[in-house]
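The values are calculated or read from the model by the stated rules, or taken from the named source; none is laboratory data. Bear in mind the structure is a predicted one, so any value in this text is a computation, not a measurement. Counting neighbours? That spans all protein chains shown, and the Cβs are built from the backbone with ideal geometry, glycine included.
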Amino acid sequence: MSHRRFSGSKLVVATHNPGKLVEITDLMRPFGIETLGAAQLGLPEPEETGSTFEANAELKAHAAAQGAREPALADDSGLVVPALGGDPGIYSARWAGPTKDFSIAMTRVQKELAERDRKAHFVAVLSLAWPDGHCETFRGEVHGHLVWPPRGKRGFGYDPMFVADGHQITFGEMDPEQKHAISHRAVAFRKLVDACFR
Ligand code: IMP
């Protein structure tokens with residue numbers, strides 16, 4: 001499959017989350033690409049109305065590319081639990097409520113799961129959109145299972161209850177370098193870089 005290559009030197013990162021902007025800026029630095037955050041450019045944050053990770057990543061990337069008239073990169077991610085019909089999925093952030101308390105979100109997952117199958121995977125989708133409407137989208141996944149009680153104080157979100165296949169410790173206990181090497185986000189980034197930045 002042929003992909004459109006990114007040939008510019010400036011990339012808009014369609015996020016209002018400073019942590020994500022730093023992460024993406026670090027990943028783009030080896031390619032000599034300058035990143036600009038959506039907040040910094042005064043771009044509004046579109047509502048995530050899509051019903052898939054892809055739809056949400058694409059709508060955020062398109063909105064920023066149109067608004068800034070520059071190529072824009074957006075991501076959408078979450079935890080998928082097949083025994084819960086795919087929940088929390090695209091609602092992963094929302095399950096933590098207005099205070100963004102992930103102990104509430106993890107407790108809800110555990111309660112709803114009860115005795116059901118504990119398999120789960122994290123998904124990350126990255127979309128790179130151009131002002132002319134073209135878009136390239138890549139998905140990364142990391143598969144594993146959920147443990148209870150949560151373990152570890154590293155990472156964020158659902159990390160303390162997720163153990164990746166082939167590992168014994170949770171993402172919350174794992175050295176960040178090790179998590180970044182195997183994570184859903186790393187897989188999606190490698191696909192994006194191979195397709196559009198090399
Ligand atoms: P987003 O900002 O809409 O992509 O929200 C993603 C949500 O999914 C986050 O708030 C986390 O709850 C969850 N999530 C995504 N990636 C990870 C991860 O690597 N570890 C733990 N939770 C994650």
Those residues of the range 81-92 which are touching a residue at least 60 places away in the same chain (Cβ under 8 Å) and hydrophobic (A, V, I, L, M, F, W, C) amount to Val81
Where in the range 1-118 are there strands (runs of 3 or more DSSP E), lying wholly inside it, with at least 3 residues that are within 13 Å of the ligand (Cβ to nearest atom) and among the polar types (S, T, N, Q)?
none
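Inspect the range 91-103 for any residue being touching a Cys at 6+ places or on another chain (Cβ under 8 Å), within 30 Å of Val193 (Cβ to Cβ) and polar (S, T, N, Q) and give the result as yes or no. Can you show your working first?
Step one: of the range 91-103, the residues touching a Cys at 6+ places or on another chain (Cβ under 8 Å) are none.
No, that holds for no residue.
Please go through the range 151-166 and pick out each residue that is within 11 Å of the ligand (Cβ to nearest atom) and within 22 Å of Glu112 (Cα to Cα). Give the derivation first.
Let us first name the residues in the range 151-166 that are within 11 Å of the ligand (Cβ to nearest atom), namely 154-162, 164.
Matches in the range 151-166: Phe156, Gly157, Tyr158, Asp159, Pro160, Met161, Phe162, Ala164.
Which one of these is in contact with a Gly (Cβ under 9 Å, 6 or more places away or on another chain) and of a type in the set (Val, Ile, Thr): Thr35, Thr49, Thr15? Give the steps one after another, and end with the answer.
On the way: Thr35 fails: in contact with a Gly (Cβ under 9 Å, 6 or more places away or on another chain); Thr49 fails: in contact with a Gly (Cβ under 9 Å, 6 or more places away or on another chain).
Selected residue: Thr15, the only one of Thr35, Thr49, Thr15 that is in contact with a Gly (Cβ under 9 Å, 6 or more places away or on another chain) and of a type in the set (Val, Ile, Thr).
Going through Asp132, Asp165, Asp159 one at a time, which residue ends up being charged (D, E, K, R), at pLDDT 95 or above and crowded, with 19+ Cβ neighbours inside 10 Å? Let's see the steps before the verdict.
Values: Asp132 fails: crowded, with 19+ Cβ neighbours inside 10 Å; Asp165 fails: crowded, with 19+ Cβ neighbours inside 10 Å.
When all the criteria are applied, what remains is Asp159.
Which residues, taken from the range 174-198, are farther than 14 Å from Val142 by Cβ and either in contact (Cβ under 8 Å) with a residue 24 or more places away in the chain or more than 11 Å from the ligand (Cβ to nearest atom) (or both)?
Filtering the range 174-198 for residues farther than 14 Å from Val142 by Cβ gives 175-177, 192-198.
Those that are farther than 14 Å from Val142 by Cβ and either in contact (Cβ under 8 Å) with a residue 24 or more places away in the chain or more than 11 Å from the ligand (Cβ to nearest atom) (or both): Asp175, Glu177, Leu192, Val193, Asp194, Ala195, Cys196, Phe197, Arg198.
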Confirm whether Thr15 is hydroxyl-bearing (Ser, Thr, Tyr), touching an Asp or Glu at 6+ places or on another chain (Cβ under 8 Å) and either more than 25 Å from Ala96 (Cβ to Cβ) or surrounded by 13 or more Cβ atoms within 10 Å (Cβ to Cβ) (or both).
yes
Sort out which residues of the range 100-129 are at pLDDT 95 or above and closer than 19 Å to Thr15 by Cα, and write them in order of number.
Val123, Ala124, Val125, Leu126, Ser127, Leu128, Ala129
Of residues in the range 135-150 being crowded, with 16+ Cβ neighbours inside 10 Å and assigned to a loop (DSSP other than H, G, I, E, B), the one farthest from the ligand (Cβ to nearest atom)
Val147
